[in-house]
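Written out below as structure tokens is the structure these notes cover.
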Amino acid sequence: MAYERAALEKTILDIAERQLFRVGYRRLNLNEIAQEAAVSKVTLYKLFESKHALAVRVVDRLLSEADEQVSALLGSKMPLGEKMERCIGLISSLYLKMDRDFLYDLEHSLPELWQRIDELRSSRERLIARLLSEAQRDGSLRAELDAELLAALLMALVRGVYNPAFFLAHNISAEAAGKLITDVFMHGTGK
């Protein structure tokens, strides 16, 4: 029974994630989710007490998966540039799943969920500073740079770009933004 419940919850979360990121929170329709999952709305409400609770679970699951991937990446032995590019790529892959409607809803209807996303990104700052310090010790990053400040600058840049308002105001994909951030961070803007 517990296995069946877990499998059903996963199915509903998968469906809800697709819909939530495509149509946004305001237009998320629990009737459609129940119908696609082949369950009654009563069953859906037994598993998730509200639309908000379902959205929270979707975002929490996404953040947990992203945190595991970023931690594994930062702990790997690949070169700094590749780690940075992949790390920013992981962040941008989150946004590639999300439609502008969902990003708008994050900012206007679900600010507490946006704050959770931002807090996770901020928690990675120390790990990035450690990574940059290691790169300084092995000579692949200039030693005179303050690694903690550099990590804070990188995270501020990522936070500044990867937010709903930026993507609503600029016609750029999350993938293109991540590639540019990595390139400028690793190679500067000169020739």
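Structure above, values below:
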item	result
Single condition Ala152 does not satisfy, out of (1) without any contact (Cβ under 8 Å) to a residue 40 or more places away in the chain; (2) loosely packed, with under 15 Cβ neighbours inside 10 Å	(2)
Residues located in the stretch 67-78, provided they are over 17 Å from Lys10 (Cβ atoms) and either open to solvent by 50 Å² or more (accessible area, probe 1.4 Å) or part of a helix (DSSP H, G or I) (or both)	Asp67, Gln69, Val70, Ser71, Ala72, Leu73, Leu74, Gly75, Lys77
Residue match in the stretch 35-44 (condition: in contact with an Asp or Glu (Cβ under 8 Å, 6 or more places away or on another chain) and modelled with pLDDT under 95)	no
Residues within the stretch 94-138 that are open to solvent by less than 40 Å² (accessible area, probe 1.4 Å) and among the hydroxyl-bearing types (Ser, Thr, Tyr), tallied	2
Residues of the stretch 8-51 satisfying the condition of being open to solvent by 70 Å² or more (accessible area, probe 1.4 Å) and either part of a helix (DSSP H, G or I) or among the hydrophobic types (A, V, I, L, M, F, W, C) (or both)	Lys10, Arg18, Arg22, Asn31, Glu32, Gln35, Glu36, Ala38, Lys41, Val42, Tyr45, Lys46
Test: Ser64 is within 25 Å of Leu127 (Cβ to Cβ), without any contact (Cβ under 8 Å) to a residue 24 or more places away in the chain, open to solvent by 20 Å² or more (accessible area, probe 1.4 Å) and not in a helix (DSSP H, G or I)	no
Meets criteria (over 26 Å from Arg61 (Cβ atoms), of a type in the set (Lys, Arg), outside any helix (DSSP H, G or I) and open to solvent by 40 Å² or more (accessible area, probe 1.4 Å)) for Arg142	yes
Flag if Arg5 is surrounded by fewer than 15 Cβ atoms within 10 Å (Cβ to Cβ) and free of Cβ contacts under 8 Å to residues at least 24 places away in the same chain	no
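The values are calculated or read from the model by the stated rules, or taken from the named source; none is laboratory data. All figures in this text were calculated on a predicted structure; none of them were measured in a lab. FYI the Cβ positions are ideal-geometry reconstructions off the backbone, even for glycines, and counts take in every protein chain you see. Ligands, DNA and RNA are stripped out before the accessible areas are found, and what is left, the full protein with its side chains, is counted by its heavy atoms. Shrake-Rupley method; radii C 1.70, N 1.55, O 1.52, S 1.80 Å.
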